[in-house]
Structure formats: C-alpha cells, structure tokens
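Working notes, beginning with the structure itself.
The values are calculated or read from the model by the stated rules, or taken from the named source; none is laboratory data. Treat the numbers as computed from the prediction; the structure is a model and nothing was measured. Using ideal geometry, Cβ is built from the backbone for each residue, glycine included, and neighbour counts are taken over all protein chains shown.
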Amino acid sequence: MNNKHDSIIARDGYLFIFPMVFFTLSAAFLMHRWVTFILFLFTCFVVWFFRNPERKFPVGEKLIISPADGKVIQIEEIKDHELFPGTSKKISIFMNIFSVHVNRFSCGGRIETVRYYPGKFLSANLDKASSDNERNAILIKTEDGRLILTIQIAGLVARRIVCWVREGMNVSKGERFGLIRFGSRVEVLLPSDSAILVKVGDKVRGGETPIGGLS
C-alpha cells in the first residue's frame with residue numbers, strides 16, 4: 001500500500017537533506033574549508049538518520065514484530081487504556097538518535113482508530129512520557145478480531161511525529177506507517193493472553209524482531 005514510502009531514504013528526510021546539501025556546496029564554493037567539512041558531516045548524519053532499509057519479517061501469522069528499532073525499556077501489564085479496554089501487555093521501545101526511525105506495523109489488519117494527543121516533550125525513556133508526552137496512537141484489528149495498539153511518542157529531542165496512514169485502511173505486517181524525528185519511544189499493547197518474546201534490555205529491529213505472539 002505504501003510503495004511511495006519504500007525508498008532507501010524516507011521522503012520526509014528530503015526537507016532536511018536538500019538544505020544541508022545547499023549550505024555545504026555554498027560553503028565549498030566560498031572556499032570555507034572547515035565550515036564545508038562540518039556541514040558535510042552534518043549532511044551525512046541527516047542522510048543516515050533518515051535511512052529506510054528493507055526488512056524481512058519472520059513467517060508466522062500470530063507473531064507480532066517490533067514496530068521500531070531500539071531497546072526494550074519496559075514490559076508491563078496495564079488496564080483499561082482509552083483505546084484498549086480490559087487488560088493488556090505493553091512493550092515499550094526506546095529509539096535513540098542513531099536508530100532507524102521509520103516505524104512499521106507489528107501485524108496486519110484494518111486500522112480502526114488513529115488518534116493524536118498533544119503533550120509535553122519529556123525524555124522518552126521516562127515512564128511518564130507514556131501519558132504526558134505528545135503521541136499518536138494507531139489501533140489495528142486483525143482478521144480474527146484481535147486488537148493491537150501501537151503508540152508513537154515524541155521525546156526530549158523528537159518534536160515531530162509523522163503518520164502516513166488513516167482510519168479504515170487495510171495494512172500488512174511490516175508495512176511502513178510513519179516516523180518520529182530525532183529520538184523517541186514506541187509502545188505496543190497486546191491482548192493479555194499474548195506471549196512476550198523479548199525482555200527488558202533486548203535490542204530489536206523494526207519490521208524484523210518478533211516481540212510477541214498471539215494465542
């Protein structure tokens with residue numbers, strides 16, 4: 001569905017890359033050697049930050065894959081989330097500035113709800129970032145009626161959540177759905193009877209690492 005987002009560099013990155021290239025070339029033309037060098041390094045970092053690699057997710061209809069690159073910082077059971085009634089299991093993944101920041105769907109299904117919440121920009125590794133920070137929630141219903149909730153959360157440096165999908169879309173596991181610029185957090189809420197396949201401290205790769213399994 002999102003073929004336009006399959007390029008090697010995320011399209012949203014060009015808004016940053018083109019100006020950096022312009023300033024770098026301008027400095028080179030004006031013979032400012034050190035300025036050119038510093039701008040070149042920044043340009044390389046921005047290109048690298050918005051990288052959008054291909055990923056192959058593991059086979060298994062009931063496997064839930066990581067929506068983001070990063071480190072698992074919290075696994076807990078929660079009750080009665082606004083979009084996820086009853087008990088659920090939450091996996092929180094922290095993305096630093098060196099992570100791939102393109103997010104992917106943990107499962108396939110139909111998007112029931114997309115909801116944006118304005119908020120603060122606390123450090124994304126703090127517990128209260130889940131409830132206080134700016135965030136965007138996407139609720140998916142699988143073919144067999146299970147609900148999976150993915151939440152993009154802005155952080156101290158990340159000030160822009162990008163979401164490429166809308167309610168009513170049918171999406172596939174591993175499909176790209178957005179990004180968060182410059183460090184952030186992504187959470188996945190699974191049904192309470194799901195198996196958790198990761199532990200706190202594990203490094204995960206978006207669109208590739210299994211993090212849970214539906215019953």
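Residue check: is F16 under 20 Å from I161 (Cα atoms), assigned to a helix (DSSP H, G or I) and either of a type in the set (A, V, I, L, M) or outside the structural domain of R146 (by TED's automatic domain parsing) (or both)?
On the way: under 20 Å from I161 (Cα atoms): yes; assigned to a helix (DSSP H, G or I): yes; either of a type in the set (A, V, I, L, M) or outside the structural domain of R146 (by TED's automatic domain parsing) (or both): yes.
Yes, satisfied.
Only one residue in G174, G183, G201, G168 is at pLDDT 90 or above, under 15 Å from G70 (Cα atoms) and of a type in the set (G, A, S), so which one is that? Please lay out each step first, then the result.
On the way: G174 fails: under 15 Å from G70 (Cα atoms); G183 fails: at pLDDT 90 or above; G168 fails: under 15 Å from G70 (Cα atoms).
Of G174, G183, G201, G168, the one residue that is at pLDDT 90 or above, under 15 Å from G70 (Cα atoms) and of a type in the set (G, A, S) is G201.
Just checking, how many residues over region 168-203 are touching a Leu at 6+ places or on another chain (Cβ under 9 Å), farther than 14 Å from Q74 by Cα and among the charged types (D, E, K, R)?
Total satisfying the criteria: 2.
Among (1) crowded, with 21+ Cβ neighbours inside 10 Å; (2) farther than 20 Å from S66 by Cα, there is one condition D132 misses while meeting the rest; what is its number?
All conditions pass for D132, except number (1).
Scan region 143-190 for residues that are surrounded by fewer than 18 Cβ atoms within 10 Å (Cβ to Cβ) and over 13 Å from the mean Cα position of the chain (by Cα) and report the count.
Within region 143-190, residues that are surrounded by fewer than 18 Cβ atoms within 10 Å (Cβ to Cβ) and over 13 Å from the mean Cα position of the chain (by Cα) number 12.
If only one of A10, A68 is surrounded by 12 or more Cβ atoms within 10 Å (Cβ to Cβ), within 15 Å of the chain's Cα centre (by Cα) and not assigned by TED's automatic domain parsing to the domain that holds E112, which one is it? Steps first, please.
Values: A68 fails: not assigned by TED's automatic domain parsing to the domain that holds E112.
Unique residue meeting the criteria: A10.
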